[in-house]
Amino acid sequence: MRVTNNTMIHSIVRYLTRQNEALFDRQNIIASGKKINKPSDDPLGMGRVLDYRQTIASIEQYQTNIQRGKTRLDVVEVNLDLVDDLLEVVRAIAQDETGGTTESRQRAAESLKDVYDQILDQANSKFNDNYLFSGYQTKTAPFSRDDTQATTFDQFTITYNGDAGDMQFIVADNTTITMQADGQPIFHDAASGGINIFDVMRDLIVGLENDDTAAISIQSGLLEQGETQIQDIRSANAPILYQLQTTENHWEHYKPKIEDLLGTEENADITRAVVELQSLELAYQSTLATAARIIQPGLISFLQ
Amino acid sequence: MSDLNAIMSIGGQALITHQQAISVTSHNIANVNTPGYSRQELAMSTNVPSDSEIGPMGNGVSPDAIERIYDRFINAQINNESQELGRWDAQKNAVESLEMIFNETYGYGLSEAMSEYWNAWQALTINPAGSAERQVLVTRAQILTSTFNKLDSDLTLSQQDLDLTIQGTITDINRLSAQLADLNQKIVASEIGTQNANDYRDRRDLVLKELSELIDLNAFEDANGNVSVLNASGRPLVSATASWQLSTELNVVSGLQDVVWLDDDGNSVNINNDISGGKLKGWLEARDVLIPGFLNRLDALAQTLVTEVNNLHQTGFDLNGIAGEVFFDGTGTAADIEVNANIVGDPGLIAASFDPLPFPSAPGDNRNAVEIAKLQHQLLMSGNTATFNDYYSSLVRDVGNEVLKSDSYYTHQSEMVAQLDNYRESISGVSLDEEMINLIKFQNAYAAAAKLVSTADEMMQTVLQMV
C-alpha cells in the first residue's frame, strides 16, 4: 500500500492520543486510590459498590440499635435487681417482726414506709428521659400513689398510668426484637392473678402499725410470691439478651467481610496501578521515539 | 527546414509541458497538508504523428488534462461510515456528561442520601419522642429530597444544553448545504467542455464528508456533475444549485426543540424521528430517548418512595396523638418531591406511633416508625422484585453501560474510518518523497528539452552559415 506522510502522521497521532488516554486513566486511579472513578469504569462493579455501601451503613445502624437495646435491658435488670433486694429486706424485717413487740413493729413500719417509697421510685425509673415501665406512655410516671383522699397510710392506692406497650428494636433487615415495657406484670399484676407489690407492702405496713400478727404473716407470704414474680420477669429477659448478643456477634463477623468485598471492588491496588503506569509510559516513550525517527527524514534532506 | 522547425517546436512544447508538470507538482507539494486534497497529475500524451516517407514521425508531447487521483467509491464509503461515527461521537459525549451527574464515586449521591434517611427512621425507633432524633430525621429527609431535585434538574439542564447544541448543528448543516449548492454551480460552470474542476471537486467532497458527520444522507452525482443530497427520509437538502434549509421548532409537549425541514413553500415538516445518523442523531437519541428514560426511572423511584412512606405515615399518629399528615409533599416526581413544610416546622408531627386510644398520645410507641424503617429492605420496585437501592444502583449501572456501549461503538467506528482514510490517503494523498522525485524528473526533462531547443537553434545557425 502506498504510504504517504499524512498516513504516518495521522497514525502516530492516533496512537499517541490513545496512549495518552490510557496514561491519564491510570493517573486518575493512582491519585484517587479508587478503581472505579465513574460508573462506566465498571458498571457492574459500581452497582455492587452501592449495594455494599448500603449494607454496611445498615449494619452500623443495627449495631447501634442493638447496643441501645442491651443498655436498656441492663438498666431494667439493675432496677429489678435492686427491687428484688429491697423486697428481701422487707421480707426479712417482716419475719423478724412476727415475733416483735409493738414498739419494734412501729419502728419497722416507719422504716418500711421509706422502703415503699424507694420501690415506688424504682418502678418509676427513667432511661434516657423516658419511663421504663409505662408501656408506650413513656412521658408519664407509671405508678402514682393516689394520696388525694388518703389521710392514713392504709388508704393509699397505687394507680398504673401507663399502657401495655412494648419496645421494638430493629436488629436486622425486617427483623425486630421486642422488649417488655409494661410495668403491670412486674409490680401490679393483681388483675391477672399476680401480686400487687405495693398493696402487699401497704398492707404489711398497716399490719405492723396495727400490731396485727396475722396480717404480717399473710403479707410476708405474699411478699415471697412477689419476689418470685420479679425474678420470673428477670429470667424472661435473659433470652432477649441472648438474642441481642448473638445478633451483635453475627454483625461483628459479617461487617468486616462486606467491608473487604467493598474494598476489593472499589480500591485500586496502587502497586499494580503504578507498575501498569510504568509499562504504559514505556510504550508511550517508544511510540514517541519511533515517531521521531519516522517523521523526520525525507528525500529533501538527502538531495543536494 | 520544416524538420528543424519541427524539432524546435517539439522542444518548445516539451518545455511548456514539463513546466506545467512542475506547476502541478508544486500545487501538490503546497497542498500536502490540505484536508481533503487529492493529488493531481498532468496527463501527457504524444501528439498526433505526421506522415513521412519512412513512416509516421512523432510530434512530441502535449499536456492532455490535469487529472485528480481519487477513488469515488472510497469517498462514498467514508461518508457512510462518517455518519455512524458522528452519531456515536455525539452520543458518547452526551452520555459521558450524564454519568458525572450521578456522582456516586465518593458516596455523596442519592444512594447515600437514601441510606441515611432510612437510618434516621431507625434512630427514631429507639427514642420516638426524642426531639433530636426527630430533627435529624427531618434534616436527612430534606437532604434526600434535594438530592432528588438536583438530579432531576441536572438531567433536564443537560437536555436544554443538547437543545442548544442541536440548534448549532442545524446552523452548520444549513451552511454546508448552501456551500454544496454553490460548489455544484462552480463545478458545472468550469466543466463545460472536457475540463476537470479538480480543486472544486475536492472541496465539494470535503463539504460532503463534513455534512455526513452531522446528519444521515444519501448523495449521488448526476450526469451534469451536480451532487444531490437527500436526507435519509427522502427529503432533499441539495439538488443542483438549490438547497433546502433545516430549522428547529418548539415542541410544546416536551418543551424541547424538534428538527424540521422547510419545504419549497416554507412549511415545516417535522423530521425529528426520521433522522438516523450523524451527530444530530446522537444528540437527539441522548436528548429524546436516553435522558427521558433516566428521568422516568428516577421519577418512578420517587413516586414509590413518596407513596409508600406517605401511606404508612398517614396511618400513624404523631406526638400529639393526631393522625399523621403526608410526610412528602409534591406530585411524587423527582423534580418536586419535598418534605411536608408542616413537618419541617414542627418535627413533633412525625407520626411514629399507632393509634394511642384511649390515651391522648403514645410517646413511647415506635411501631409506625419501625414499619416505615422496614420499607428500606422491602421489594417495592420493579414489580416487587427490587428494593429502592437495587433499583437505583441498576439505574447507575445502566448509565455506565450506556457510556461503555457508545464508547465501544465509537472506537470501532473511528478505527474503521481511520482505515478508510488510510486507504484514501494511499490513493489520493501527496507523498513528499514522490513529489521530490517528480520534481527532479520533470526538471531533468525540462533541461533536456531546453538543450533540444538550443541544439535545434545551433543546427539552424550551422545551416544558415552554410549559405
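If you average over every viewing direction, what projected area does the convex hull of the Cα atoms of the stretch A:62-260 give, in nm²? Intermediate results must be reported in sequence, preceding the final value.
On the way: hull surface 49.3 nm².
Computing the convex hull of the Cα atoms and averaging its projections yields 12.3 nm².
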Spin-label model distance (nm) - B:Asn444 vs A:Gln155, 7 Å beyond Cα toward Cβ: 14.1 nm
Where chymotrypsin sites (Phe, Trp or Tyr not before Pro) fall in DSSP loop in the stretch B:74-165, at most 16 other Cβ within 10 Å: B:Tyr106, B:Tyr108
Gaussian network model of chain A, springs between alpha carbon atoms under 10 Å - residue of A:Thr140, A:Thr55, A:Thr175 with greatest fluctuation: A:Thr175
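As an exercise, take the mean of 1/r over every pair of distinct alpha carbons in the stretch A:174-304, invert it, and state the Kirkwood radius in angstroms.
Details: mean 1/r = 0.0430 Å⁻¹.
Hydrodynamic radius (Kirkwood, Cα pairs) of the stretch A:174-304 is 23.2 Å.
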Built amide H within the under 5 Å cut-off of A:Asn196, gap 5+: A:Asp189, A:Ala190
A:Thr102/B:Asn311 FRET efficiency (R0 41 Å; Cβ-Cβ; nearest 0.05): 0.05
Cα-based reach from B:Lys281 at 13 Å (exclusive), listing aspartates and glutamates while leaving out same-chain residues under 8 positions away: B:Glu84, B:Asp89, B:Asp163, B:Glu213, B:Asp216, B:Asp258
For the stretch B:4-118, with +1 on Lys and Arg beta carbons and -1 on Asp and Glu, the positive-most of B:Ile66, B:Leu85, B:Gly107 along the dipole: B:Ile66
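When the convex hull of the Cα atoms of chain B is projected onto a plane and the area is averaged over all directions, what value comes out in nm²?
Numbers: hull surface 131.7 nm².
Convex hull of Cα atoms, orientation-averaged projection: 32.9 nm².
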Cα lying deepest toward the dipole's positive end in the protein assembly as shown, options B:Tyr410, B:Val453, B:Ser97, charges on Cβ: B:Val453
Furthest towards positive pole of dipole, B:Ile187, B:Leu295, B:Gly383, structure part the protein assembly as shown, Cβ charges: B:Ile187
Gain in span if fully extended, B:Val48 to B:Gln20, counting 0.36 nm per residue against the direct Cα distance: 8.1 nm
Computed helical MRE - 222 nm, chain B, DSSP H runs ≥ 4 contributing -39500 (n - 2.57), nearest 500: -21000 deg cm²/dmol
Modelled FRET efficiency - R0 56 Å, B:Glu96 with B:Leu4, Cβ distances, 0.05 increments: 0.15
Average beta-carbon neighbours from other chains, 10 Å sphere, peptide A:48-55: 6
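Would you mind giving the mean number of other chain beta-carbons within 10 Å of the Cβ of each residue in A:159-166, as a whole number? List each step's numbers first, then the result.
Working: counts 0, 0, 1, 3, 6, 0, 9, 4.
That works out to 3 on average.
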Per principal axis, descending, Cα span of the protein assembly as shown in whole Å: 184, 62, 33
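Under a point-charge model restricted to the Cβ atoms of Lys and Arg (+1) and Asp and Glu (-1), what is the dipole moment magnitude of the stretch A:62-260 relative to its Cα centre, in debye to the nearest 20? Mind showing how you got there, number by number?
On the way: 14 positive and 34 negative charges, 124 e Å.
Computed about the Cα centre, the dipole is about 600 debye.
Explain nothing, just the number: relative contact order of chain A, from Cα pairs under 8 Å at least 6 residues apart, as a whole percent. Each step should come with its number before you reach the end.
Values: 333 pairs, mean separation 80.4, N = 304.
Relative contact order here is 26 percent.
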Summed residue charge, Cβ within 10 Å of B:Ala129's Cβ, Lys/Arg positive, Asp/Glu negative: -1
Chain A: angle of helix A:102-123 to the longest principal axis, Cα-based, in degrees nearest 10: 20 degrees
Mean separation of Cα contacts under 8 Å, 6 or more apart, over the residue count of chain B: relative contact order %: 23 percent
B:Asp346 versus A:His250: modelled label distance in nm, points set 7 Å from Cα along the beta carbon direction: 4.1 nm
Cross-link partners of A:Lys139 among lysines (Cα-Cα below 22 Å; sequence separation of 8 or more within a chain): A:Lys70, A:Lys126
Long-range amide H partners of B:Ile271 with built H, under 5 Å: B:Val259, B:Val260, B:Trp261
11 Å beta-carbon shell around B:Ser276, net charge (K/R +1, D/E -1): -2
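Can you give the FRET efficiency to the nearest 0.05 for A:Ala238 and A:Ile270, using r as the Cβ-Cβ distance and R₀ = 45 Å?
Working: r = 50 Å, r/R0 = 1.10.
Rounded to the nearest 0.05, the efficiency is 0.35.
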Positive minus negative residues near B:Val309 (Lys, Arg vs Asp, Glu; Cβ under 14 Å): -3
Point-charge dipole on Cβ atoms (K/R +1, D/E -1) for chain B, about Cα centre, debye to 20: 360 debye
By average C-beta atoms within 10 angstrom, highest first, the peptides B:76-86, B:406-416: B:76-86, B:406-416
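Just so you know, all these numbers are worked out from the coordinates, no wet-lab data involved. Bear in mind the structure is a predicted one, so any value in this text is a computation, not a measurement. Glycine gets a Cβ as well: all are built from the backbone with ideal geometry, and neighbour counts include every protein chain shown.
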